[in-house]
Amino acid sequence: MSEAKRLAGEKAIDYVEDGMIVGVGTGSTVAYFIDALARIKDRLAGTVSSSEQSTQRLRAHGIEVLDLNATGPLSLYVDGADECDPHRRLIKGGGAALTREKIIAEASAKFICIVDPAKRVDVLGKFPLPVEVIPMARSLVAREILKLTGGQPVWRDGVVTDNGNWVLDVHGLSIIDPVGMETALNQIPGVVSVGLFARRPADVVIVGGEPPLVL
Ligand code: 5RP
């Protein structure tokens with residue numbers, strides 16, 4: 001599967017133009033993108049990173065990481081996903097970086113999602129939906145999620161996000177209305193962000209393969 005991830009990550013380089021500041025996601029597929037980006041780093045104006053993990057990898061390659069507050073809107077964001085439906089709506093957050101990922105996706109004119117074929121689904125929800133929560137609200141949010149969705153929230157015990165928060169993974173969902181669920185879950189006090197990327201889906205999905213499939 002990592003070969004498919006590599007092919008997807010390397011294909012995304014086609015979308016990088018000279019002088020761009022590139023938004024960079026998180027995960028094993030993005031790691032291949034970062035390694036490919038390193039080969040053209042002299043053509044970049046910099047990057048904005050969605051996690052400490054990606055920042056470390058970017059800096060290890062000598063690629064500059066900038067603050068989103070200083071860059072303003074970005075032209076391009078490249079990130080992976082845990083699930084992707086035919087409308088390019090996503091579940092993300094398996095790596096607990098969902099909040100910063102969502103911020104950069106929102107700030108970007110074009111969001112390229114890079115996945116291996118196993119991530120493609122007809123209906124989102126088999127992969128447990130990550131929700132980042134303020135620690136004191138964990139139980140409250142879990143009860144509300146159960147009431148609202150019928151799904152089973154499970155605390156990702158031991159994981160602290162880059163923002164100092166916790167993650168609930170909601171099991172047993174079949175998400176027929178991703179925009180409605182994202183909107184509803186966003187309203188619960190204590191929810192920082194929801195790993196559904198439906199209100200702002202990807203613009204392009206690259207499925208790794210020989211050749212890569214562009215959706
Ligand atoms: C991190 C993410 C990742 O994009 C997602 O988990 C996919 O990871 P990988 O490329 O390792 O399969 O959302 O929060």
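Below are the figures for this structure:
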quantity: Distance between modelled label sites at S139 and I103, nm, 7 Å Cα→Cβ extension; calculated: 3.0
quantity: Percent RCO, i.e. relative contact order, over the range 129-195, from Cα pairs under 8 Å lying at least 6 residues apart; calculated: 47
quantity: Ordering of 141-148, 50-57 by burial proxy (mean other Cβ atoms within 10 Å per residue, highest first); calculated: 50-57, 141-148
quantity: Normalised contact order of the range 70-215, rounded percent, pairs of Cα under 8 Å and 6 or more residues apart; calculated: 32
quantity: Rounded if a/c under 1.5, otherwise prolate or oblate - the range 1-69, Cα gyration tensor axes; calculated: oblate
quantity: Pairwise centroid distance, computed over Cα atoms, of the range 51-92 with the range 164-192, Å; calculated: 21
quantity: Protection proxy ranking of 81-92, 170-181 - average other beta-carbon atoms within 10 Å, highest first; calculated: 81-92, 170-181
quantity: Interchain or long-range residues, amide H under 5 Å from V205's placed H; calculated: C113, L215
quantity: Net length gained if the chain between W155 and N69 were fully extended (0.36 nm per residue, minus Cα distance); calculated: 27.8 nm
quantity: Counted charge near L90, where neighbours are those whose Cβ lies closer than 12 Å (Asp, Glu -1; Lys, Arg +1); calculated: +1
quantity: Per-residue HN-Hα couplings for the range 112-127 [Karplus 6.51, -1.76, 1.60; θ = phi - 60°; Hz; x = Gly/Pro]; calculated: 9, 9, 10, 9, 8, x, 5, 7, 7, 9, 7, 10, 5, x, 5, 6
quantity: Per-residue HN-Hα couplings for the range 79-86 [Karplus 6.51, -1.76, 1.60; θ = phi - 60°; Hz; x = Gly/Pro]; calculated: 8, x, 7, 8, 8, 9, 9, x
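Every number in this text was worked out from the coordinates using simple rules, so none of it is lab data. These numbers were taken from a predicted model, which means no experiment stands behind them. Cβ: placed from backbone, ideal geometry, glycine included. Neighbour counts: every protein chain shown.
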